[in-house]
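First the structure, in the form of structure tokens, and then the observations on it.
None of the figures in this text is laboratory data; all of them are computed from the coordinates on show. These numbers come from a predicted model, not from an experiment. Here the Cβ positions follow ideal geometry from the backbone for every residue, glycine too, while neighbour counts run over all protein chains shown.
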């Protein structure tokens, strides 16, 4: 975790450092066990393609969690993230290889609010496609 970001050091347009997270099939197995979401679209190519998906996909909440992690890492405190919302746009397809997929998170301060809070708008992509839309977080800075 980085040092806490101070509200006085942030303005509209401040960019968060880009974060790239690898996601492999092993990560999906671990997430399934931790979350209890054992839906076979997250581990079986046969099932995923039979329901019209291009292959096994990452859990949406895993993708959402990675984007939230990028914000809380930037803020320097997980408790600084006080509001968070996304819409799931496209799935993150995770190939059955040693590389998997990558989820890239970019963020920018879109508004300075009251009480040391800022709104951060996020762009979350995988394979060049936007996977989360209307992704935004409100962060309380020190």
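Residues of segment 110-130 that are in contact (Cβ under 8 Å) with a residue 24 or more places away in the chain and under 16 Å from the mean Cα position of the chain (by Cα): 120, 122, 124, 126, 127, 129, 130. More than 18 Å from the chain's Cα centre (by Cα), on the phi < 0 side of the Ramachandran plot and assigned to a helix (DSSP H, G or I): is that true of residue 3 in this structure? Considered against the rule, which asks whether it is more than 18 Å from the chain's Cα centre (by Cα), on the phi < 0 side of the Ramachandran plot and assigned to a helix (DSSP H, G or I), residue 3 comes out as no.
Number of residues in segment 1-57 that are touching a residue at least 40 places away in the same chain (Cβ under 8 Å) and closer than 27 Å to residue 77 by Cα: the value is 24. So for segment 19-35 (the condition being over 30 Å from residue 119 (Cβ atoms) and touching a helix residue (DSSP H, G or I) at 6+ places or on another chain (Cβ under 8 Å)), does at least one residue qualify? Scanning segment 19-35 turns up at least one residue that is over 30 Å from residue 119 (Cβ atoms) and touching a helix residue (DSSP H, G or I) at 6+ places or on another chain (Cβ under 8 Å).
For residue 22, the conditions (1) under 29 Å from residue 83 (Cα atoms); (2) part of a helix (DSSP H, G or I) all hold with the exception of (2).
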